[in-house]
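Inspection log for the structure reproduced underneath, given as structure tokens.
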Amino acid sequence: MTRADGPSRSLPRIAIAGAGIIGLSCALELAGRGAAVTLYDPNPPGRGASWAAAGMIAPAYEAACEPGVHPRLFELCLESAALWPGFAERLQHDSGVHLGYSAGPSLAVAADDTTAQHLSGILENLKAKGLPGEQLSLEDARQIEPALSPDLIRALKLETDGYVNNRAVVTALLTLCERQPNITLKRAAAPLQSRGSELAIEGHDLLLVTAGWQSAVLKVEERGQQFSLVNWDTTLDEIDSYGGQMLSVERREDHPSTTLRAGVIYMVPRGDLLVIGATMEPGRTEGMPDTESIATLLKNAARIVPSVAGARITDTWSGVRPGTPDFAPFLGRTRQENMFVAAGHYRNGILLAPLTARILADQMLGHQTSDLANAFSPARLLPA
């Protein structure tokens, strides 16, 4: 994040549709470089997927050995993870909000053969790239985290993987966006209009779409009627929804103090709470958490940490992750010359926020971008 005293007349006026962690981060980066930014969202800022997440910054576990992902996603995640120490320090210093950032390590464990094979793949990829990662004996793993079950069959120590309090990050970003004179926040949908085959944004030169899985359903006015933004770039229709249910329990002394991963299960200590997630429900876009799913989630977590079985549940909630066919974000200019997109981050929205902001600011302000950034263009070839 850089700072500018006021908007530069030589820079484009930018409208951002979507005020989650990606939209807020991009707004702050663009405004810091001197651009005038209007951030539009009819919903409370940052209260979607950004608020529902657990705050994991986990490049190794999320991208090192996941089947079907973009071949350079791990590289993108690692580059953004490297930005997080400075990003967190500046956010915390400038906003006064404590972020609870930890660079790591995390523990990844397995209670079954399938998960154990996944951990082996992660370790192989880390070694191939010369990155730190260590297979631990179960005794050593339980020395680090005594709450672990003695019945686990494999454990890894992932130095690259940490966490942050995602709700604190959203609060800090919103605080700074509200203070930034180059940013105007509006609790409304972006006023998009059609002029022939071109997209127009009233009072602005460029549009950045950061509305996650709702990007395709943003509305454009044409001759008094409302049409989906997907008509201006069908790539937006490739961003699907992946619902997830989560819970928190009252954290006791016999609960984890280390971030844990095991298959789709995660446990993240957050002060006097332990956050446990998450279900994976393709196509889910709404609905409250259901008792059966939460009970199953807690039961599966207890296979990893037996003491959570009797824990007092303090809250349950659900969220929606936006995902593309290769589980990597769309970053860059769309088929519309004046429209850019930064959406589809799947389970890596928190992790990729600082790098996404930097990439989109470079592209929208006409700076040279890296080969890595260009690999995530919305125009890339997607798997069937």
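The values are calculated or read from the model by the stated rules, or taken from the named source; none is laboratory data. The model shown is predicted, which means the values in this text are computed figures rather than measured ones. Backbone-built Cβ (ideal geometry, glycine too); neighbour counts: all protein chains shown. Side chains included, ligands, DNA and RNA excluded: accessible areas come from the protein's heavy atoms. Shrake-Rupley method; radii C 1.70, N 1.55, O 1.52, S 1.80 Å.
Can you compute the FRET efficiency between Q135 and S10 using 1/(1 + (r/R0)^6), with r the Cβ-Cβ distance and R0 = 51 Å? Round to the nearest 0.05.
0.40
For the chain, set up a Gaussian network in which alpha carbons nearer than 10 Å are linked by springs, and say which option among K127, K219, K299 fluctuates the most.
Most flexible of the set in this elastic network: K127.
With every protein chain present, what is the per residue accessible area of the chain (1.4 Å probe, Å²)?
43 Å²
Give me the percent of accessible area attributable to carbon and sulfur for the range 241-384, probe 1.4 angstrom.
50 percent
What residue among E145, E79, E286 has the largest mean-square fluctuation in a Gaussian network model of the chain, using Cα springs under 10 Å?
Between E145, E79, E286, it is E286 that shows the largest mean-square fluctuation.
Which lysines, on any chain, are close to K129 with Cα under 17 Å apart, when same-chain ones fewer than 8 places away are left out?
Cross-link targets: K157.
Give the cross-link partners of K219 among the lysines, using a straight C-alpha distance below 29 Å as the criterion and excluding same-chain residues fewer than 8 apart.
Straight-line reach from K219, under 29 Å: K186.
Given axes a ≥ b ≥ c from the Cα gyration tensor, I'd like to know whether the range 20-118 is rounded (a/c under 1.5), prolate (a/b larger than b/c) or oblate.
On the way: a/c = 2.02, a/b = 1.85, b/c = 1.09.
Cα axes put the range 20-118 in the prolate bin.
Specify which labelled value, from (1) 60, 45, 39; (2) 85, 62, 32; (3) 65, 43, 41, agrees with Cα extents along the principal axes in Å derived from the coordinates of the model shown.
Answer by label: (3).
Determine the relative contact order of the chain: mean sequence separation of Cα pairs under 8 Å and six or more apart, normalised by residue count, in whole percent.
Relative CO of the chain lands at 22 percent.
Highest GNM mean-square fluctuation, the chain, Cα pairs closer than 10 Å: which of L355, L274, L138?
In the Gaussian network model the winner is L138.
Put a dot 7 Å past each Cα toward the Cβ at Q143 and S197; how far apart are the dots in nm?
6.7 nm
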